[in-house]
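Undergrad: I am attaching a structure below and will ask some questions about it afterwards.
Every read-out reported here was derived from the displayed coordinates using simple, explicitly stated rules and does not represent laboratory data. All of these numbers come straight from a predicted model, not from anything done at the bench. Heads up, the Cβs are rebuilt from the backbone with ideal geometry, glycines too, and the neighbour counts pull from every protein chain shown.
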Amino acid sequence: MVQPPWHCHGGGFVAYTSASMFLPLRTDRQTKRRPVVTEGLIIINLLVYLIGAAGHYFELFDIERFIEAGRFWEKQPHAWQLITYQFLHDPTGIFHLAGNMLFLWVFGCAVEDRMTRPGYLIFYLMAGVFAALAHTMVSDGKIIGASGSIAGLTGAFLALFPRSRIKILFFFFIIGVYSIPSLWFIGFRFAMDLLGQFGDWMGTSKNNIANMAHLGGYVYGFGVAFTLLATRVIKHDEFDVFYIFKQTRRRAAFREAQKQSRGAMWDKPHLDSKNPVPKAPRKAVVLSENEKKQAEKRLEITRLLDDHQLQLASEKYRDLLNEAPNTVFSESRQMDMANQLYKDGDHTNAAAAYELMLDSYPGSSKGGEVNLLLGLIYARQLNRPKRAKELIETAKQKLRDAAQISLADQLLSELST
């Protein structure tokens, strides 16, 4: 087949993924709202492709001229083509489009959830612009495709969720689905593009992939997301890159404190006294076998949560609640497990987890949401209307989201009938 006279961002589904032998299926990040911008971008890409394919199939227009009108080329640059090229894909097959849309969905949903929707759209389009300009630094080839923009999303994802995991489809002699750290996956993709670009410079690369556009996208995405976190335009949470920095500093400070520590003053004999004060004996804490087992289970659940294995952690927590009904974790972990139990349809244990969160963290900023969710469970699933009404009325005083307030009103209306 004759090589097309343009570089494809991604070079097609097979070319983009065959070197790694794995495809991303989904991340472990649960979004709080529908990713309407990501859905819109996918629809526009599909429509543009279908228009081109239909026009070519029914001979309504010349597909080459259709691509030429929207592609970006350094030798004949038009500012608007920095945007239009992002929505054009290789018309000779569906794989280039399919691969890009898969990556857009997997990484775009989570990134959109952390940004405002207009901000996310601007970020996405500017990632494509930056990727195109990066490409012009090393090549004067024509470019089409969305993966420069999508590389920007993956770079941002790495800054926002470095501790997350990605489910991948692995295919190499055997086929299987595995969960790996997102840092490994994105780092590997970055390394492959870097090697590909070196191959271009050395003249050994034979593919049609705009590697430098991908690299520019990664740098842009990570840099912008990092800056937004640093300036607190995007609020920090326990999954972003700054949390890792904070944990590293804490560990370093703790190690330093251990080095410098020589015991507390009251544990030492007075050096200027002839009669040194004896150390007070420390009372050993003796745990029963049952308490030891519960402590081990708590530790296992904590490890699972740190590894973002939320469903398995919530299953273990369900078992622990049967043994120790008052077991509670940190605020964010407790909320995550309660939400997962509710999602799994285990309304009884979800209610118990939410009740524990309300009792343990009365000043939580999520109090309104927890009261509403707990009221919803009691009203519709567990048939405790009195408690439900009390919780929902409390929630209404704290809620600010219009949709949540509307749901509270609806539930109160149901309870009054």
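Undergrad: What ranking do Glu323, Glu369 get, fewest neighbouring Cβ atoms within 10 angstrom at the top? Walk me through the numbers before you get to the answer.
TA: Details: Glu323 11, Glu369 19.
So the ranking, lowest neighbour count to highest, is Glu323, Glu369.
Undergrad: Something else about it: Do any GluC sites (Glu not before Pro) in the range 21-82 lie in a loop, going by DSSP, with at most 14 other beta-carbon atoms within 10 Å of their beta carbon, and if so which? Display every interim value, and only then the final one.
TA: Numbers: sites: Glu39, Glu59, Glu64, Glu68, Glu74; in loops: Glu59, Glu74.
Passing sites in the range 21-82 are Glu59.
Undergrad: When a footprinting reagent is the concern and you count Cβ atoms within 10 Å, what order do Ile301, Ile150 take, fewest first?
TA: Working: Ile301 23, Ile150 31.
Ranked by crowding around the Cβ, least crowded first: Ile301, Ile150.
Undergrad: Please list 137-143, 84-90 highest first by mean number of surrounding beta-carbon atoms within 10 Å per residue. Each step should come with its number before you reach the end.
TA: Working: 137-143: 16.4, 84-90: 25.0.
Answer by packing, highest mean first, reads 84-90, 137-143.
Undergrad: If you add up the charges near Leu25, with Lys and Arg at +1 and Asp and Glu at -1, over every other residue whose beta carbon is less than 14 angstrom from its beta carbon, what do you get?
TA: Working: positive: Arg26, Arg29, Arg165, Lys167; negative: Asp28.
Neighbourhood net charge equals +3.
Undergrad: To the nearest Å, what is the center-to-center distance of the range 82-134 and the range 295-363, using C-alpha atoms only?
TA: Taking the Cα centre of the range 295-363 as reference, the centre of the range 82-134 is 36 Å away.
Undergrad: Now, a different point. List the chymotrypsin sites (Phe, Trp or Tyr not before Pro) within the range 33-79 that fall in a DSSP loop (any state other than H, G, I, E or B) and whose Cβ has at most 12 other Cβ atoms within 10 Å. Each step should come with its number before you reach the end.
TA: Numbers: sites: Tyr49, Tyr57, Phe58, Phe61, Phe66, Phe72, Trp73; in loops: Phe58, Phe61, Trp73.
Within the range 33-79, the qualifying chymotrypsin sites (Phe, Trp or Tyr not before Pro) (loop, at most 12 other Cβ atoms within 10 Å) are Phe58.
Undergrad: Let me ask you something else. Hand me the trypsin sites (Lys or Arg not before Pro) from the range 313-406 located in a DSSP loop with no more than 14 other Cβ atoms within 10 Å, in residue order please. Could you put the intermediate results ahead of the total?
TA: On the way: sites: Lys316, Arg318, Arg333, Lys343, Lys366, Arg380, Lys386, Arg387, Lys389, Lys396, Lys398, Arg400; in loops: Lys366, Arg400.
Loop-located and lightly packed - Arg400.
Undergrad: More than 24 angstrom separation, counting every C-alpha pair in the range 7-241; what % is that? Write down the numbers at each step before the final one.
TA: On the way: 11656 of 27495 pairs.
For the range 7-241, the fraction of Cα-Cα distances above 24 Å is 42 percent.
Undergrad: Sticking with this one: Report the gain in length on full extension from Ile174 to Gln76: 0.36 nm times residue separation, minus Cα-Cα distance, nm rounded to one decimal.
TA: Values: separation 98, 0.36 × 98 = 35.28 nm, distance 4.67 nm.
My answer for the length gained is 30.6 nm.
Undergrad: Distance in nm between label sites at Ala98 and Tyr57, each 7 Å beyond Cα in the beta-carbon direction?
TA: Going from the Ala98 label point to the Tyr57 one covers 1.5 nm.
Undergrad: Pop the C-beta distance of Glu296 and Phe188 into the FRET formula with R0 = 41 Å and round what comes out to the nearest 0.05. The partial results should precede the final answer.
TA: Numbers: r = 35 Å, r/R0 = 0.85.
Calculated transfer efficiency: 0.75.
Undergrad: Related question: Students often get this wrong, so check it: of Lys343/Lys396; Lys235/Lys297; Lys32/Lys292; Lys32/Lys396; Lys142/Lys167; Lys167/Lys343, which have C-alpha atoms separated by over 28 Å?
TA: Details: Lys343/Lys396 23 Å; Lys235/Lys297 32 Å; Lys32/Lys292 37 Å; Lys32/Lys396 20 Å; Lys142/Lys167 34 Å; Lys167/Lys343 19 Å.
Flagged as over cut-off: Lys235/Lys297; Lys32/Lys292; Lys142/Lys167.
Undergrad: How far is it, in nm, from the label point at Leu46 to the one at Arg400 when both lie 7 Å from their Cα along the line to the Cβ?
TA: 3.6 nm
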